[in-house]
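The values are calculated or read from the model by the stated rules, or taken from the named source; none is laboratory data. Not measured: the values here are computed from a predicted model. Counting neighbours? That spans all protein chains shown, and the Cβs are built from the backbone with ideal geometry, glycine included. We work out accessible area using only protein heavy atoms, side chains counted, and drop any ligands, DNA or RNA first. Shrake-Rupley method; radii C 1.70, N 1.55, O 1.52, S 1.80 Å.
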Amino acid sequence: MADNRVHLFRLQIIIIDGGLLVLRNIIDQTLTAQGVTLSACLKNEKATIARLKSRGVITQVQHDILFPTGGQAPTTSQMDFTLIICLLRCLKCFGLNKKFDWNTEPISTDLTVEADICRLKDYRNEICHLPTTTGIQPHEFGTWWNDIEQILVRQSSPALNIQQAIADFKVCPLDLEEEKRLQEELKRWKDYEADVDRLNEEMKQVQTDVIEVKKDLKEVEAKFTGVEKQLKAIEKRQDAEKSNEGVSQIQTEEEKYQNRKKGK
């Protein structure tokens with residue numbers, strides 16, 4: 001395998017395997033600090049998870065991992081990169097900043113959990129789309145590796161021993177089976193991204209349709225208001241006419257009475 005391709009596969013390993021180790025560790029450590037089990041957390045957030053599933057953000061396979069059948073308890077060991085990031089971002093029990101902008105690259109001085117998770121996500125997306133046929137240049141590899149390593153070390157607990165795992169990633173043997181595993185994982189990411197992009201487009205269309213419906217409703221309301229005003233004007237005019245008729249009738253009866261008095 002050419003060196004540039006080796007560099008790329010090393011980056012794929014550190015982001016896929018190293019990133020997953022740290023993300024799982026973040027969930028486990030957060031829940032341990034709160035004294036809450038993963039099962040209890042997911043049960044409390046069931047309504048949110050249901051909404052994510054209805055929108056296609058969480059797949060049926062991922063949902064089954066969160067709520068396994070047969071009375072088994074869910075574990076982070078079964079969760080993939082995408083599912084864990086989704087849970088960390090969307091569930092209240094993990095306590096991340098809900099106002100954090102996940103669509104903007106964090107500034108270099110922001111070393112929060114949210115910022116580093118966002119960086120891992122961005123690196124994953126970039127590495128996912130690099131061509132495996134050409135790989136990556138040595139200087140780019142060094143820069144990316146160091147950046148990813150700093151993120152993993154910063155967000156891992158001492159018990160995880162992530163430094164040793166990173167050292168192993170840099171020298172572990174690369175064979176056809178390992179390459180196949182990495183490519184299958186990357187394909188799952190790409191398929192998931194395509195589904196999310198499709199859903200986003202559908203949501204945009206729904207939002208456009210809702211805006212049009214609201215516009216139509218406003219026009220109908222305006223017409224209804226106009227008709228209502230016309231009806232009130234007609235009723236007012238009819239009331240006035242009835243009142244005038246009543247006055248005329250009274251006047252006529254008065255004239256008749258006066259005429260009778262005069263002997264007419």
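Things to note:
- With a cut-off of 12 Å on the backbone N, the residues of segment 129-153 near the modelled label site 7 Å out from residue 179 along Cα-Cβ are 132-135.
- Order of exposure, largest accessible area first, which applies to 45, 149 with probe 1.4 Å: 149, 45
- Table column - 3J(HN,Hα) (Hz), segment 93-102, Karplus curve with 6.51, -1.76, 1.60, x for Gly and Pro: 5, 8, x, 6, 5, 5, 8, 5, 8, 7
- Where segment 34-167 is the region considered: accessible area per residue in Å², 1.4 Å probe: 54 Å²
- Residue 171-residue 126 FRET efficiency (beta carbon distance; Förster radius 22 Å; 0.05 resolution): 0.40
- Ordering of 21-32, 108-119, 69-80 by packing [mean C-beta count within 10 Å, highest first]: 21-32, 108-119, 69-80
- Protection proxy ranking, peptides 10-16, 36-42, average beta carbon neighbours within 10 Å, highest first: 10-16, 36-42
- Residues of segment 10-49 with amide N under 17 Å of a point placed 7 Å along Cα→Cβ from residue 147: 10-16, 19
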